[in-house]
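Beneath this line is the structure, given in structure tokens, with notes to follow.
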Amino acid sequence: MADALDELKARLADYAALDALASLLVWDQRTMMPAAGFMHRGRHMALLERLGHEKLTDPEVGRLLDGLEPRLESLDADSWDAAIIRTARRDYRKAVQVPAELRSEMVRAASEAAPVWLEAKATSNFDIFLPVLERNVELRHRYVDCFEKQDEPYDILLDDFEPDMKTAEVRRIFDEIKPELVRLIDDLREREVDDSFLTGDFAIDEQVALDYEVVDLFGHRPNSWRIDPTEHPFAAGAGIDDIRITTHYYRDQLKSLFSTMHEYGHGVYAHQLPREYAQLPVGQHASLGIHESQSRLWENLVGRGLPFWRFFYPRLQARFPEQFGGIDLERFYAAVNKAQPSLIRIDADEVTYGMHVILRFELEQDIVNGRVELRDLPHVWNERMREYLGVDVPDDAHGVLQDTHWASGLIGYFATYLLGSVMSVQIWEKVLDDVPDLEDQIERGEFGALRQWLGEHVHAHGRKFSPQETLERATGSRIDAKPYLAYLRAKYGAGVAA
């Protein structure tokens with residue numbers, strides 16, 4: 001007779017494989033697929049979602065979990081077998097409350113909304129996007145209604161991305177951060193930093209080569225990564241040896257370099273998940289906030305750090321001599337760390353980025369709670385951008401249409417960006433404690449110790465522990481905004497200097 005745990009693992013592996021296939025189809029749609037294929041892709045995605053949902057919610061899975069409950073009580077709580085049962089139980093109990101038809105419709109709607117969003121953004125026409133946004137929001141309301149009433153409806157959506165965290169807790173953290181950011185932004189608003197040389201003529205083929213150089217320098221196993229262009233950068237793949245990151249190229253700027261470093265952080269997390277369990281849900285990432293802590297760490301704490309540029313700037317000058325040959329390191333470092341309010345979240349500096357996220361977090365709650373009419377979103381967005389960042393939004397492409405998340409139905413996601421930024425500093429400080437010469441290593445172009453530390457203390461745990469327990473085991477504390485705010489004050493309070 002088959003062991004119940006082995007049978008459960010087999011069923012979970014099939015479910016996870018279907019999820020990986022769906023990830024590949026999303027990647028293809030956003031990088032390779034002919035634009036006219038979106039209706040076909042919507043059907044494909046809906047089918048995979050339904051099959052995966054039925055696999056996870058099969059009554060036999062419930063019977064297996066019930067039968068394994070006594071074994072769970074006898075297992076070491078830190079064992080992988082215990083974690084497999086715990087995560088499966090959590091996923092099953094949540095999934096069985098949602099009809100398969102609704103899950104399928106949500107995925108199909110998101111897939112079909114993608115090309116509409118692209119057209120709306122390209123033409124800066126919110127009216128084109130409004131009907132698909134209304135559909136996605138209505139589906140999310142139906143999804144929320146599947147569950148028992150929570151403290152706030154947004155809790156249910158947030159839990160999909162940051163398990164076990166409540167809206168009130170996020171609000172408390174952001175309320176601690178917001179006034180500090182407002183003060184810093186006011187102090188920095190009039191500070192003059194010359195970054196004119198960051199705009200110029202940067203050949204796309206040279207940018208592509210530069211991105212691969214950085215990814216190879218940071219490190220990965222051979223024959224397991226690729227980089228592709230897309231409208232809105234993201235990371236995807238089908239497993240720990242199939243990592244697909246994306247970026248967006250601009251002929252007149254080098255934004256793709258920092259985007260690539262950001263997506264490398266996501267990619268290396270997926271790359272270093274526990275191989276023995278990577279085919280199971282327990283072997284996936286702990287949360288989107290933990291995921292974002294990795295991308296923000298590589299983009300900002302490494303990629304915008306002086307030790308990195310002491311090593312890498314001569315390489316950049318050699319690749320783009322006309323643009324940077326006459327610019328010294330001090331000027332370049334100040335320019336890439338210039339803090340000034342701007343329109344686009346993914347291009348924002350470390351200081352103003354948090355206000356972009358807080359705006360979206362607050363606005364999503366207004367959407368979910370019916371406090372704002374969807375047709376009024378451009379106006380409300382523009383008002384808050386003026387209030388929070390002091391910038392005037394010229395059009396919807398640079399405002400409410402800039403992000404792909406609402407087209408993708410990812411309501412509840414945005415908070416994880418700032419939560420991840422906060423946690424990235426906690427993790428970075430712990431790495432520095434454990435690897436005292438880390439910055440010297442980075443200045444020599446050596447990243448193995450950092451990659452190994454993150455692999456051992458964060459990546460290798462997968463979903464074995466809750467997100468906050470994962471953070472606590474890695475750093476000694478749960479999420480705490482104080483190190484993040486201290487980092488920003490130390491770096492930007494007196495001006496960035498090389």
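The values are calculated or read from the model by the stated rules, or taken from the named source; none is laboratory data. Note that the structure is a prediction, hence the values are computed from the model and not measured. Ideal geometry is used to build each Cβ from the backbone, glycine not excepted, and the neighbour counts take in all protein chains shown. In case anyone asks, the SASA skips ligands and DNA or RNA and just uses the protein heavy atoms, side chains included. Shrake-Rupley method; radii C 1.70, N 1.55, O 1.52, S 1.80 Å.
Spin-label point model (7 Å from Cα, Cβ direction): what's the ASP328 to VAL98 distance in nm?
5.6 nm
Using amide H atoms built in the peptide plane, which far-off residues or other-chain residues are under 5 Å from VAL435 H to H?
It is none; the list stays empty.
Which GluC sites (Glu not before Pro) does the stretch 209-310 hold that lie in a coil by DSSP with at most 16 other beta carbons within 10 Å?
GLU231
Out of the DSSP beta bridges found with both residues in the chain, what percent are antiparallel (nearest 5)?
55 percent
Could you please state, rounded to a whole Å, how far the C-alpha centre of the stretch 421-486 is from the C-alpha centre of the stretch 173-240?
19 Å
May I ask which residue of LEU51, MET32, TYR15 lies farthest towards the positive end of the charge dipole of the stretch 1-59, with charges of +1 (Lys, Arg) and -1 (Asp, Glu) on Cβ and the Cα centre as origin?
MET32
Determine how large the accessible area of TYR484 is when every protein chain is in place; take a 1.4 Å probe and give Å² rounded to the nearest 10.
10 Å²
Filter the GluC sites (Glu not before Pro) in the stretch 422-498 to those in DSSP coil with at most 16 other Cβ atoms within 10 Å of their Cβ, and list the result.
GLU446
On C-alpha positions alone, give me the angle between the axis of helix 377-389 and the longest principal axis of the chain, in degrees, nearest 10.
Once rounded, one gets 50 degrees.
Got a number for the accessible area of TRP225? Probe 1.4 Å, square angstrom, nearest 10.
Counting only protein heavy atoms, the figure is 40 Å².
Quick one: net charge of TRP225's neighbours, Cβ under 13 Å, K/R +1, D/E -1?
-4
Quick check: from the Cα gyration tensor, does the stretch 197-272 come out rounded (a/c under 1.5), prolate or oblate?
prolate
Treating the angle as unsigned and between 0 and 90°, give the value, to the nearest 10°, between the Cα long axis of helix 204-218 and the longest Cα principal axis of the chain.
Tilt relative to the chain: about 70 degrees.
Residues with amide H under 5 Å of TYR249's amide H, sequence separation 5 or more or different chain, H placed in the peptide plane at 1.01 Å from N; which?
For TYR249, whose amide H was placed from the backbone, the distant partners under 5 Å are THR230.
Using alpha carbons only, how many degrees (0 to 90, rounded to 10) separate the axis of helix 255-271 from the longest principal axis of the chain?
The angle comes out near 30 degrees.
With a ≥ b ≥ c the root eigenvalues of the C-alpha gyration tensor of the stretch 138-217, is it rounded (a/c under 1.5), prolate (a/b larger than b/c) or oblate?
oblate
Just grab the label-to-label distance for GLU472 and LEU217, each label 7 Å out from Cα along the Cβ direction, in nm (one decimal).
Using points 7 Å along Cα→Cβ, the separation is 3.9 nm.
Which value at 222 nm does the chain reach when only helices count, each DSSP H run of 4 or more adding -39,500 (n - 2.57), with the total divided by all residues and rounded to the nearest 500 deg cm²/dmol?
It lands at -20000 deg cm²/dmol.
Please give the length that would be gained between ARG183 and ASP28 if that part of the chain were fully extended, namely 0.36 nm times their separation in residues minus their C-alpha to C-alpha distance (nm, one decimal).
51.5 nm
For ILE479, ILE204, what's the largest-to-smallest order of accessible area, 1.4 Å probe?
ILE204, ILE479
Report for the stretch 220-268 the percent antiparallel among DSSP-assigned beta bridges with both residues inside it, nearest 5.
Beta bridges within the stretch 220-268, antiparallel portion: roughly 50 percent.
So, in the chain, how many Lys pairs have Cα atoms under 14 Å apart, if the pair is 8 or more places apart or on different chains?
Lysine pairs meeting both conditions in the chain amount to 7.
Compute, for LEU21, the solvent-accessible surface of its heavy atoms (probe 1.4 Å) with the complete set of protein chains present, and express it in square angstrom to the nearest 10.
Its heavy atoms expose roughly 90 Å² to the probe.
Between SER342 and GLU176, take the C-beta separation as r, use R0 = 35 Å, and let me know the FRET efficiency to the nearest 0.05.
The pair SER342/GLU176 has a calculated efficiency of 0.90.
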